[in-house]
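I have placed the structure first, in the form of structure tokens, so that the comments after it can refer back to it.
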Amino acid sequence: MSKEPLASQSSSHRDRRILITGGAGFIGSNFVHHWCKRYPNDRVVVLDALTYAGNLNNLAALQNQPQFRFVQGNICDAVLVQNLLQEEAIDTVAHFAAESHVDRSILNPGSFIQTNVVGTFTLLEAFRHHWQTDVAQVGRDRYRFLHVSTDEVYGSLAPEDPAFCETTPYAPNSPYSASKAGSDHLARAYFHTYGMPTLITNCSNNYGPYHFPEKLIPLMCINILLGKPLPVYGDGQNVRDWLYVGDHCSALDRVIHAGQPGETYNIGGNNEVKNIELVRLICQVMDERGPDLPVSPAENLITFVQDRPGHDRRYAINASKIQRELGWMPQVTVEQGLRHTIEWYLHNRDWWQPLLSEDYQRYYQQVYAAPEGLSQEYVVQR
Ligand code: NAD
Ligand code: DAU
């Protein structure tokens, strides 16, 4: 739980009609659960294309709740989005839908441009028409468009550099972060050009339940349970600032209710850790908790593999603005969050096992299969 906001939630909240894009993905689904629990009188509509990363099982518990509706569809479909905004009289958008995995953006950048740039543009444009036609009736103050983005737009830090703040210049290094940077600029432009009430958040690495197996933490947990190698890129000294997904959801809630339109808020976990230290910690907790692990101690599975092309060395977030202005601070340490997450993966094999599909195995082969780490195809594309 986070601290109470400066203006308390009860006084600032009124019933909303919120569209959550990408709500069947990792952070999106955690956010949908957060919102439905916290605001049972709100209308919650999820729009999600159900790509490889989208999973209706993440939302199964909500399917029969009258406040909740799921729509399968693409954010690039302008007619669908426009109709949905009008039909559901949406006043708030929380935009999570994206291609989110850096390694996939190196293999296939086109889909990142399509969803992250064109999709965000389509959504902004549809919301602008909706907002402009509705605004005379219900008042400018009612609308919000939250664009959820990443710290990767700021590029890479050296060990001694100060953490990213909201005024750090953009310097994206991967097709993923470049596409997110493009979408951030569009969201910003819609505020400055049209006065549309957009808000942007840039957050660090999330982790927690419903995290797709391709990402570092679930990949390590699952590979330990399967007795497979734990591939650590490069020298393992890259640093990420780990943010528990529940903390992220409470920050986004605060930004929607109390953030200033046109502003950007950085959200971080205050948990900078080197990858190799994190992987060792996962191994240690797994050794304590894991039932009959195939390889023990799990650390024996650690394998250094060829580095990710353009691999950013360090991310760190200065989250003092959101703390000062909106009263939000992360509550979960990496040790606490990791233990909780590992328990979740231990108890939810039925959730992750079906995700290791043939498609996923093909992807995995491309990234990890070659004896020296990354496959030739991957290396050639550098
Ligand atoms: P995810 O990959 O788990 O989920 C993305 C969701 O978007 C999926 O449900 C997918 O089906 C859906 N989607 C993809 N393309 C779509 C399209 N064209 N139309 C409709 N739906 C589509 O991603 P995530 O990790 O939950 O990330 C959510 C958002 O947060 C993204 O915008 C990401 O850039 C941002 N973000 C993520 C992290 C992180 O650590 N995971 C950190 C910072 C920012
Ligand atoms: O910083 C926010 C970003 O965090 C989000 O915008 C992205 O959507 C999200 O995927 C995440 O990006 P990263 O590239 O940092 O996350 P990933 O889990 O892929 O990798 C975390 C670190 O671990 C990174 O330094 C690369 C390294 N890594 C990753 C994998 C998958 C390995 O060493 N081995 C691996 O097999």
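The values are calculated or read from the model by the stated rules, or taken from the named source; none is laboratory data. Computed from a prediction, not measured in an experiment: that's the story for all the values here. All Cβ positions, glycine included, derive from the backbone under ideal geometry; neighbour counts span all protein chains shown.
Residue pairs whose Cβ atoms lie under 8 Å apart, separated by 6 or more positions or on different chains, with the first residue in region 274-296 and farther than 23 Å from Leu157 by Cα and in contact (Cβ under 8 Å) with a residue 60 or more places away in the chain and the second in a loop (DSSP other than H, G, I, E, B) and aliphatic (A, V, I, L, M), are Met286/Leu293.
In summary, Ser174 fulfils each of the numbered conditions (1) polar (S, T, N, Q); (2) within 18 Å of His101 (Cβ to Cβ); (3) surrounded by 23 or more Cβ atoms within 10 Å (Cβ to Cβ) with the single exception of condition (3). Tell me the residue from Arg254, Arg280 that is over 29 Å from Val32 (Cβ atoms) and more than 11 Å from ligand 2 (Cβ to nearest atom), please. After applying the criteria, what remains is Arg280. Checked against the criterion of being in contact (Cβ under 8 Å) with a residue 60 or more places away in the chain, closer than 27 Å to Tyr364 by Cα and within 14 Å of ligand 1 (Cβ to nearest atom), the candidates Gly208, Gly182 yield just one match: Gly208. Of the numbered criteria (1) over 25 Å from Ala258 (Cβ atoms); (2) surrounded by 15 or more Cβ atoms within 10 Å (Cβ to Cβ); (3) in contact (Cβ under 8 Å) with a residue 40 or more places away in the chain, the one Arg69 fails is (3).
To keep it simple, each residue is scored yes or no on (1) at pLDDT 95 or above; (2) in a helix (DSSP H, G or I); (3) within 16 Å of ligand 2 (Cβ to nearest atom).
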| position | (1), (2), (3) |
| --- | --- |
| Pro5 | no, no, no |
| Ile18 | yes, no, no |
| Ser29 | yes, yes, yes |
| Cys36 | yes, yes, no |
| Val45 | yes, no, no |
| Thr51 | yes, no, yes |
| Gly54 | yes, no, yes |
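Screening region 140-162 for residues that are closer than 23 Å to Ala258 by Cβ and within 15 Å of ligand 2 (Cβ to nearest atom) and picking the one that is surrounded by the fewest Cβ atoms within 10 Å (Cβ to Cβ) gives Thr150. Taking region 56-66 as the range and being surrounded by fewer than 17 Cβ atoms within 10 Å (Cβ to Cβ) and either assigned to a helix (DSSP H, G or I) or touching a residue at least 60 places away in the same chain (Cβ under 8 Å) (or both) as the test, the residues that pass are Leu56, Asn57, Ala60, Ala61.
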